[in-house]
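For reference, the structure is listed below as structure tokens.
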Amino acid sequence: MTDIDLAGSHLLISRYREDRRILNNRDPPITTEACGAQMKLLGANHETGEFGEDAGRNTAAARVVVVCGEQIMRSGLVSILRGMPDLGWVGPATNSQAALNMVAAGKADVVVLDHCANPGWDGPALAARFTGIRPDRGVGVVVVSDGTDSELLLRYLQAGARGLVSRRSSAVDLVNAVDSVIRGEALLSPSITRLVLEATVPYLPAASTRSVTALDTLTQRELEILILVADGLSNSEIAQVLHVSYKTVKFHVSNILRKLSVRTRAQAIVYLRPSVAITSQAG
């Protein structure tokens with residue numbers, strides 16, 4: 001257990017989690033029925049065409065294409081994302097190949113991929129095709145799934161997906177994930193984060209005194225940020241919770257990774273497991 005006093009940190013974080021629980025309870029989970037309700041609420045009674053057919057959008061901003069086999073779910077996801085103010089275009093792809101063509105033509109910056117459980121459909125392989133088309137420009141992939149199959153989730157991460165959202169999460173989580181991916185960050189629903197950690201721990205080096213010593217090198221502020229990272233927050237969300245600037249959070253995250261001698265946020269989260277109980281009431 002680290003010697004850092006976490007009383008103040010836990011109070012701040014518990015307040016945030018309660019606010020997030022209240023916010024999530026106001027929004028339905030991302031299901032076919034909920035998406036259909038959201039579509040009706042926003043007045044969407046049909047699907048618009050593919051890229052270039054949605055006039056009035058800011059073409060200089062990020063463009064998002066939704067890939068989903070169910071029409072109601074697909075239309076609902078599109079309607080939810082159109083509530084984001086800074087997107088240039090949001091629309092459906094009629095099929096996977098159409099979405100691949102959009103990405104190849106430079107007409108999509110983020111792909112929201114609804115995982116299809118049909119036999120023979122390989123979602124992670126499709127995600128890898130999306131991320132491999134323009135690796136220099138970093139096309140982002142956000143996956144919506146049941147979030148219960150840890151092996152499948154790991155395959156999506158290996159394929160380059162940077163957002164994993166559980167269907168049990170609220171629409172807010174989907175919006176936050178897309179927003180994070182647009183900014184070049186990554187975001188996983190808290191329930192998915194826990195599954196990924198449990199699946200990866202057996203493959204990590206055996207625990208040693210090094211992990212405790214490494215945690216002891218973190219400042220109290222850095223430890224606060226690491227706990228919030230484990231909760232699935234993006235840098236911008238952490239900045240709002242702690243009332244600091246985005247650049248300050250990014251600086252602290254870089255310091256955390258350096259001090260723990262890891263390269264990714266997921267690897268850094270593992271260091272908390274022996275010393276800090278991570279509980280979340282979201283997603």
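Quick notes on this one:
- Distance-filtered residues of the range 215-229 - backbone nitrogen under 13 Å, label point 7 angstrom along residue 261 Cα→Cβ: 215
- The value for the range 110-150 of Rg(Cα) / (2.2 N^0.38 Å) is 1.22.
- The P(r) of the range 58-120 has a tail past 16 Å containing 42 percent of all C-alpha pairs.
- Ranked by how many other beta carbons lie within 10 Å on average, peptides 113-120, 249-256 from highest: 249-256, 113-120
- Order by protection proxy (mean Cβ within 10 Å, highest first), peptides 151-158, 92-99, 62-69, 163-170: 163-170, 62-69, 151-158, 92-99
- With each label modelled as a point 7 angstrom along the Cα→C-beta vector, the residue 121-residue 148 pair spans 1.7 nm.
We did not get these values from a lab; they are worked out from the coordinates using the rules stated. From a predicted model like this one, the values you see are computed outputs, not experimental measurements. Neighbour counts are summed over all protein chains in view; Cβ atoms, including those assigned to glycine, are modelled from backbone coordinates with ideal geometry.
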